[in-house]
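Everything below concerns the one structure shown next.
The values are calculated or read from the model by the stated rules, or taken from the named source; none is laboratory data. Owing to the predicted nature of the structure, the values given are computational and were not obtained by experimental measurement. Glycine gets a Cβ as well: all are built from the backbone with ideal geometry, and neighbour counts include every protein chain shown.
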Amino acid sequence: MEVQQFYYDNKIVKKFIYATMLWGIVGMTVGLILAFMFLFPNMTDGISWLSFGRLRPLHTNAVIFAFVGNAMFAGVYYSTQRLLKARMFNDTLSNINFWGWQLIIVAAAITLPLGYTTSKEYAELEWPIDIAITLIWVVFAWNFIGTLLKRRQRHLYVAIWFYLATIVTVAVLHIFNSLELPVNALKSYSVYAGVQDALVQWWYGHNAVAFFLTTPFLGLMYYYVPKAANRPVYSYRLSIVHFWSLIFIYIWAGPHHLLYSALPDWAQNLGVAFSVMLIAPSWGGMINGLLTLRGAWDKVRTDPTLKFMVVAITGYGMATFEGPMLSLKNVNAIAHFSDWIIAHVHVGALAWNGFLTFGMIYWLVPKMFKTRLFSTGLANFHFWIGTLGIILYALPMYVAGFTQALMWKDFNPDGTLAYGNFLETVNEIIPMYWMRAIGGSLYIVGAIVMVYNMVVTIKNGSKVEDELAEAAALTRVSKSRTAGETFHTWLERKPIQLTILATVAILIGGIVQIVPTIMVKSNIPTITSVKPYTPLELEGRDLYIREGCVGCHSQMVRPFRSEVERYGEYAKAGEFVYDHPFLWGSKRTGPDLLRVGGKYSDSWHFNHMYDPQSTSSGSIMPAYQWLVRNKHDRSAVQDKMEVMVTLGVPYTDEDIANAEKSMGDQAAAIVQRLKEDPDLKSSFEANESAIGADYVPMEDREIVAMIAYLQRLGTDIKVKETGELLSENK
């Protein structure tokens, strides 16, 4: 039997590890800034690109795709070569994967603070960057599959299964959720509208968590935990059950993000059923990971790498118990839109993804640089301060979530809301926000300590070189099953068949849920009084999206007495048929805005955007004074309307031709009401004169378009005293 010599490519792993540490600190720093913005809302006053609404998607993208993404690539590139006994298929592809991914991250870091966003959770990047992501992902897949085909190890270990499922599913999710029509180089509209957009988005959003933050990290767990513990995986059979049941069930669970929304009940109930089932494979994986450490607990007490991994797996177990629990309708009715969800998300992100990444880095770096870890004491310090940081972050957010839910739903004996002013709830949870900021600070201190430890370890080590290895060449065997060979053992040496079956498993749920919602018109009843936005309202909606208002305000009144009393009539599916994209939101830092139209005067909205505390004492909303100063660029409005027509919005040729006049007339009416209103902020005239040579007529400013949009929200339907829609088609 021929034994071949070859070299593992360690240099690409080193690059991804460096990027992981760099972007980890960046992403966590932005998150910490956001945490302090809840306490000091005007800390970045006047700087539009540092506003909360623009930095929030930067934080989520930096942590998910920059920090966790680079960690995933580092772990996959290192483990794949050793599991397949082959160098990566092509060094050029590896480097394109690395540099292309970093350029995408930089593009995100530039465009998101400038307000170029689709507003869709975890998919905020605009269409040119979406295309770049697709191309780089294809490069990664090409490199991975090429390595599979030239492997010297016949059997595909469980980690490889999870990597394959990740590659296929992320591609499907990203492509279908990112279908959009461009208006210009940095503006597009989702091809889906309203309820359909919401379903596709959370099919993507939930499964981005599943197949970007979970399945590749389960693959890493199956490789690095046994390596660090020097123990075999606890159960091969359990790993088979874990893999297939997880990838099949996970893809169905997305609708549990939309319970009690305008999504059809059948889709909601499917999401609940599969979410509850999801606990079985998730905990099967956790048990398999923890029991792999049987007989190695003495090593766990002394080895910081294993400490991180144990807490990571435990965090995974906690988050995957809580997820199915939150999908129960009675629990979701309390938790949704509250800080409970923030706690839940960060247990997964900080413990599962963060700590598994830290453990992997502590194991990889000394091995690759052929040296010892500089300081075990510092690593242990990082572990304990990081663990304390997670606790101080998560527990206060749970308390904040319970507090919000109880206060939002509380009634007086006379049937009125006990806390009719939303700000009463906000003021009550400020102490929890302080604790969250402290916990986040401790966590990032630990990460910085790790970076220092790694820098010194690297300096004390040798230069990273490609690693010499040898293995026997792969010989041909029968394509059919051999005597005594089980189906799955046969499948583990057939990467193409394995990939096809995994693809079928993840496609079934998506097809069953999404196709009927898009293709069956009766799923979205129409309402005759719902009309497209006027040109000025459409522009105002785009400003709302640019400023990230959807990050703090929902537009979805659920059919609960407390919400109807507080906000108005509950949401109907037909209200959103012209919303590209949907803006239902996932968090209520501020009140719901679905019925805000006509609730306040134009001058109230002007004052509220210019100085929120002047209209809402105790508000933690930052000021958006640049909306009052900036001239509004409306040059693309006709292009936007033409794209909307392509998407099915019934603008006529006359509507498009008269867009400029329509905007002028509507803006002039708003400005007239502003000037006539005695409640207009006294600084308005001062603001007019302060602009001086750069004076912009009020009707041409961004604030006017924003007011037009806000005043339109929820006004299309009229409701009788009985609550019956006057204008819904029967």
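A few points about this structure:
- All positions within region 237-251 that are surrounded by fewer than 24 Cβ atoms within 10 Å (Cβ to Cβ) and touching a residue at least 24 places away in the same chain (Cβ under 8 Å): Leu238, Ser239, Ile240, Val241, Trp244, Ser245, Phe248, Ile249
- Test: Glu685 is exposed (fewer than 13 other Cβ atoms within 10 Å of the Cβ), modelled with pLDDT under 90 and not hydroxyl-bearing (Ser, Thr, Tyr): yes
- For region 515-538, the condition of being charged (D, E, K, R), buried (at least 19 other Cβ atoms within 10 Å of the Cβ) and either at pLDDT below 95 or under 30 Å from His608 (Cβ atoms) (or both) holds for at least one residue.
- Elements of the type helices (runs of 4 or more DSSP H) sitting completely within region 200-306 and holding at least 1 residues that are over 25 Å from Tyr78 (Cα atoms) and among the acidic types (Asp, Glu): these cover 265-277, 297-302.
- The set of residues in region 552-565 being farther than 25 Å from Thr528 by Cβ and either surrounded by fewer than 19 Cβ atoms within 10 Å (Cβ to Cβ) or modelled with pLDDT under 95 (or both) consists of Phe560, Arg561, Ser562, Glu565.
- Between Ile508, Ile500, the distinction of being closer than 30 Å to Gly648 by Cβ and assigned by TED's automatic domain parsing to the domain that holds Phe162 belongs to Ile508 only.
Each row is one residue, and each column tells you yes or no for (1) aliphatic (A, V, I, L, M); (2) modelled with pLDDT of 95 or more; (3) part of a helix (DSSP H, G or I).
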| residue | (1), (2), (3) |
| --- | --- |
| Gly323 | no, no, yes |
| His346 | no, yes, yes |
| Asn353 | no, yes, yes |
| Tyr362 | no, yes, yes |
| Lys367 | no, yes, yes |
| Leu373 | yes, yes, no |
| Asn380 | no, yes, yes |
| Phe383 | no, yes, yes |
| Gly389 | no, yes, yes |
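- Residue within region 694-705 that is at pLDDT 90 or above and either small (Gly, Ala, Ser) or closer than 30 Å to Leu179 by Cβ (or both) present: yes
- Hits in region 502-514 - residues which are loosely packed, with under 14 Cβ neighbours inside 10 Å and over 18 Å from Val272 (Cα atoms): Val504
- Output for region 590-608, where each listed residue is among the hydroxyl-bearing types (Ser, Thr, Tyr), assigned to a loop (DSSP other than H, G, I, E, B) and in contact (Cβ under 8 Å) with a residue 60 or more places away in the chain: Ser601
- Selected residue (only one of Arg595, Arg634 is over 24 Å from the mean Cα position of the chain (by Cα), surrounded by 19 or more Cβ atoms within 10 Å (Cβ to Cβ), farther than 27 Å from Pro41 by Cβ and among the charged types (D, E, K, R)): Arg634
- Trp127 vs. criteria in the same structural domain as His346 (by TED's automatic domain parsing), under 23 Å from the mean Cα position of the chain (by Cα) and farther than 24 Å from Val225 by Cβ: yes
- Of all residues in region 559-573, those that are in contact (Cβ under 8 Å) with a residue 40 or more places away in the chain and over 20 Å from Ala198 (Cα atoms) have Cβ atoms under 7 Å from Cβ atoms of residues that are of a type in the set (Gly, Ala, Ser) and surrounded by 19 or more Cβ atoms within 10 Å (Cβ to Cβ), 6 or more apart or on another chain, in Gly568/Gly714.
- Tally, over region 399-423, of residues that are part of a helix (DSSP H, G or I) and not polar (S, T, N, Q): 10
- Qualifying positions in region 523-580 - touching a Pro at 6+ places or on another chain (Cβ under 6 Å) and in a loop (DSSP other than H, G, I, E, B): Tyr570, Tyr578
- Qualifying residue in region 156-163 (condition: buried (at least 20 other Cβ atoms within 10 Å of the Cβ) and in contact with a strand residue (DSSP E or B) (Cβ under 6 Å, 6 or more places away or on another chain)): no
- Candidates His206, His257 - the one that is touching a Ser or Thr at 6+ places or on another chain (Cβ under 8 Å), crowded, with 24+ Cβ neighbours inside 10 Å and under 17 Å from His344 (Cβ atoms): His257
- Taking the listed residues Asn184, Asn207, the one that is under 21 Å from Phe582 (Cα atoms) and at pLDDT 95 or above is Asn184, with no other qualifying.
- On inspection, Gly415 does not qualify as within 30 Å of Glu465 (Cβ to Cβ), without any contact (Cβ under 8 Å) to a residue 12 or more places away in the chain and either of a type in the set (Gly, Ala, Ser) or in contact with a strand residue (DSSP E or B) (Cβ under 7 Å, 6 or more places away or on another chain) (or both).
- Some residue of region 399-414 being aromatic (Phe, Trp, Tyr), buried (at least 17 other Cβ atoms within 10 Å of the Cβ) and closer than 30 Å to Val365 by Cβ: no
- Screening the candidates Met43, Met37 for the property of being closer than 27 Å to Asn630 by Cα, surrounded by fewer than 18 Cβ atoms within 10 Å (Cβ to Cβ) and in the same structural domain as Tyr393 (by TED's automatic domain parsing) yields one hit, Met43.
- Residue match in region 424-433 (condition: buried (at least 17 other Cβ atoms within 10 Å of the Cβ), outside any helix (DSSP H, G or I) and either free of Cβ contacts under 8 Å to residues at least 24 places away in the same chain or in the same structural domain as Phe369 (by TED's automatic domain parsing) (or both)): yes
- Extreme residue, modelled with the highest pLDDT, among residues of region 442-492 that are exposed (fewer than 10 other Cβ atoms within 10 Å of the Cβ) and not in a loop (DSSP other than H, G, I, E, B): Leu468
- Odd one out for Thr292 among (1) more than 23 Å from the chain's Cα centre (by Cα); (2) buried (at least 21 other Cβ atoms within 10 Å of the Cβ); (3) among the β-branched types (Val, Ile, Thr); (4) closer than 27 Å to Leu395 by Cβ: (4)
- Applying the set (1) part of a helix (DSSP H, G or I); (2) over 23 Å from the mean Cα position of the chain (by Cα) to Tyr316 leaves exactly one unmet item: (2).
- Of the helices (runs of 4 or more DSSP H) lying entirely inside region 611-668, those containing at least 2 residues that are in contact (Cβ under 8 Å) with a residue 40 or more places away in the chain span 612-615, 626-629, 637-646.
- Entry remark, region 250-272: residues being at pLDDT below 95 and among the β-branched types (Val, Ile, Thr) number 1 in total.
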